[in-house]
Amino acid sequence: MSNLTIPEKEVKVIRECDVLVLGAGMSGFAAALASSRVGAKTTLVDKNHFPGGVATSGLMCSISNFFVTEEGININTGIPIEFIDRIVAEGGAEPDYLRIKQPQIPITK
């Protein structure tokens, strides 16, 4: 394996923070919001201009894929549910999204 040397370069600092989160998908969004809520100066960076990853931009999955058991019982709480409730409130998902039959990834014990 060879090495690559990157020359030193002076870079202007445009923002300082306690926590830097790269990626504003569901996990990154939740991490940034959680750190901000406990008082950390948080910066969230993503290639898109909005959070949510494929849940908001990909249109490739049901938002309930990772939130329900085989019986359709919601198992998550907290920031992910707050995020989805906001998507519903803005008209981006059906209010009864947990009851819509979509391909699911069942969570079993």
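Name the single residue that is modelled with the lowest pLDDT among those in the range 55-71 being under 17 Å from residue 28 (Cβ atoms) and either surrounded by fewer than 13 Cβ atoms within 10 Å (Cβ to Cβ) or polar (S, T, N, Q) (or both). In this case the residue turns out to be 58.
In the range 72-93, of all residues being more than 18 Å from residue 57 (Cβ to Cβ) and not in a helix (DSSP H, G or I), the one that is modelled with the highest pLDDT corresponds to 78. Filtering the range 1-18 to residues that are closer than 30 Å to residue 56 by Cβ and either among the charged types (D, E, K, R) or under 16 Å from the mean Cα position of the chain (by Cα) (or both) leaves 15, 16, 18.
Please work out if residue 36 is at pLDDT 95 or above and assigned to a helix (DSSP H, G or I).
Details: at pLDDT 95 or above: yes; assigned to a helix (DSSP H, G or I): yes.
Considered against the rule, which asks whether it is at pLDDT 95 or above and assigned to a helix (DSSP H, G or I), residue 36 comes out as yes.
The values are calculated or read from the model by the stated rules, or taken from the named source; none is laboratory data. It should be emphasised that the depicted structure is a prediction, and the values quoted were computed from it without experimental measurement. Cβ coordinates were reconstructed from backbone atoms using ideal geometry, including for glycine residues, and neighbour counts include every protein chain displayed.
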